[in-house]
1. Check segment 7-14 and report whether any residue there is in a helix (DSSP H, G or I), touching a helix residue (DSSP H, G or I) at 6+ places or on another chain (Cβ under 8 Å) and open to solvent by 40 Å² or more (accessible area, probe 1.4 Å).
2. When residue 27 is evaluated against the numbered criteria (1) part of a helix (DSSP H, G or I); (2) open to solvent by 70 Å² or more (accessible area, probe 1.4 Å); (3) farther than 13 Å from residue 111 by Cβ, which criterion, by number, is the only one it fails?
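The values are calculated or read from the model by the stated rules, or taken from the named source; none is laboratory data. This is a predicted model, so every value here is computed, not measured. Here the Cβ positions follow ideal geometry from the backbone for every residue, glycine too, while neighbour counts run over all protein chains shown. All accessible areas refer to the heavy atoms of the entire protein, side chains included, with ligands and DNA or RNA removed. Shrake-Rupley method; radii C 1.70, N 1.55, O 1.52, S 1.80 Å.
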Amino acid sequence: MFVFRMHIGNTYEIFGVTYAAAMIQVWAISIIGLLHFLRPNKVTQPLLVLLPISAVGYFLYFSILKNMQLTFELVKSYALIESGEISSTTFQQMLEGVPDYYLSSMISGLYGFLLVFVYYAANWPKYLPKLK
């Protein structure tokens, strides 16, 4: 989770298309699993442990931490209503978008668990029943 947090907000341009740093990290880790799936070898085997670890970090950041940050900001904004710095209609408009934000961040976090699928796909011979 620390690696995702460290690069949040960074974007990189590749062939004229802008990508978020966290997405590039997920792609890189997925490619390791894909390479191991296509041709298992001793080099990629130890790196496969990064897939479930990254999946949990991605889920925790996008599904839990971002929602907690938004909730904290809403509580701070409510204090601004009492001091008169923002109007109650502005606060109401912010609250109307919260359920959609929570849902989209939960879905974004669940995309991280696609890495777990890649992990099991890369290790598929381990999970087949042994034939005698």
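1. The answer is yes; a qualifying residue exists.
2. For residue 27, the exception is condition (3).
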